[in-house]
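One structure is given below, encoded as structure tokens.
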Amino acid sequence: MHTDDSSASPAQHPYSPLTPDLVLDALAELGLYGDGRLMALGSYENRVYQVSLEDGARVVAKFYRPERWSDQQILEEHAFAVELAAAEVPMVAPLSVHGKTLHHHAGFAFSVSPWRGGRTPELDDFETLEWIGRFLARIHTVGSQRPFTLRPALDVQTFGIDSRDWLLSHQSIPLDQESGWHKACNEALDIITEKMNAHRFTSLRLHGDCHPGNVLWTPVDDNGHGGPHFVDLDDARMGPAVQDLWMLLSGERAQRSMQLSTLLEGYEQFRDFDRRELSLIEPLRTLRLIHYSAWLARRWSDPIFPINFPWFGSSDYWRGQIDMLVEQIEAMQEEPLMV
């Protein structure tokens, strides 16, 4: 269930009633009493707050964007996180308070998680990459045990075609760039469809948005505690395993190949990896590029989006998107990364 709030004015925006007092009142209803210290954390899709409690503990309260997911879809995400935590995978799972992980207050659905610190991992360090690879394999081992039944899949339709059609039907692209973008997008989607239909890839429950900001690293102490832990399953969905690996790669082709080889060295200590999925890296990157533009357009009435993405929507932005799609069309026709 992906709805948009692009037609709402800032005053009518779904998050406009969400004040600090409302956040604290919602937690107080659960018996979690804040001491008045509340800090907004970096999240655009939802509203997420670090809250200090009277007993000295800190929790993270996540208020879900209204009408984006159904309660049942959110509970599928929570169940996956709880399964991972039970398997001793370092995933920050929502707390069960009064026997529930999903709560409601003043029209908002929200969850509460323990606060966990950490920094972005050093992905140039091969030992770190190998370590992350081992945990990704463990996430996928749990993820393969049963499917999501309510959350959508990562596929050409939901990420690509639906995004293209929404942008065109809502006149989101300036007229001087629309035809060029439409042509490049259609060509890209044809190649993506061909690549994704070339083999029967295994689909499993994924993290879905495993970029470096969703992997937090803590120093390893003398007892061996520390290392990576994963946060934010908000985009968890069904898809190929390689989706959770490619966003950790950066740099020139040779560097990305070495990073991927190291990730897989750790991954394959716990789980086999289908090398045919390497051909999906550039198609998946291209789908994310198309989906990202549609996501920004759908959320434009949310006041934090114009503030944080002031460059979005101009002719220069869309000209740049055309150039990137042309580059991706070329990249998708190259040989996949070799490891």
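A short reminder: the numbers here are calculations on the coordinates, not readings from a lab. The model shown is predicted, which means the values in this text are computed figures rather than measured ones. Cβ coordinates were reconstructed from backbone atoms using ideal geometry, including for glycine residues, and neighbour counts include every protein chain displayed.
Quick notes on this structure:
- Using the alpha-carbon positions of segment 10-114, Rg (one decimal) and Dmax (whole number) come out as 13.6, 44 Å.
- Rounded FRET efficiency, nearest 0.05, which uses the C-beta distance separating Met338 from Asp21 and R0 of 51 Å: 0.35
- Segment 169-254 pair-distance distribution - Cα-Cα, 5 Å bins, rounded %: 3, 10, 12, 13, 15, 17, 14, 6, 4, 3, 2, 1, 0
- Here's the list of lysines a cross-link from Lys195 could span, going by alpha-carbon distance under 25 Å and ignoring same-chain residues fewer than 8 apart: Lys183.
- Length gained when the stretch Asp272-Thr120 is fully extended (0.36 nm per residue, less Cα-Cα span): 52.0 nm
- Compactness of segment 229-339, expressed as Rg and Dmax over alpha-carbon positions, Å: 16.5, 48
- Fully extending the segment from Phe309 to Glu330 would add 4.8 nm, taking 0.36 nm per residue of separation and subtracting the current Cα-Cα distance.
- Within a Gaussian network of the chain (alpha carbon springs, distance under 10 Å), most fluctuating of Asn214, Asn223, Asn186: Asn223
- Put a dot 7 Å past the Cα of Ser96, heading toward its Cβ, do the same for Ser250, and the two dots end up 3.9 nm apart.
- Qualifying lysines (Cα of each under 25 Å from Cα of Lys100; at least 8 residues distant if same chain): Lys62
- Maximal additional length on extending the Asp221-Ser52 stretch stands at 58.3 nm, based on 0.36 nm per residue less the C-alpha distance.
- Cβ-Cβ distance of Asp316 and Glu194, R₀ of 22 Å, FRET efficiency by 1/(1 + (r/R0)^6): the value works out to about 0.10.
- Per residue, the convex hull spanned by the alpha carbons of the chain comes to 142 Å³.
- P(r) tail fraction, segment 67-133 - alpha-carbon pairs more than 19 Å apart, %: 48
- Dimensions of segment 90-222 along the principal axes, based on C-alpha atoms and rounded to the nearest Å, stand at 58, 47, 32, largest first.
- Amide N of segment 210-236 lying under 14 Å from the label point, which is placed 7 angstrom from the Cα of Glu88 along Cα→Cβ: 224-226
- Under a model in which nothing but the beta-carbon of Lys, Arg (+1) and Asp, Glu (-1) is charged, the chain shows a dipole of about 500 debye around its Cα centre.
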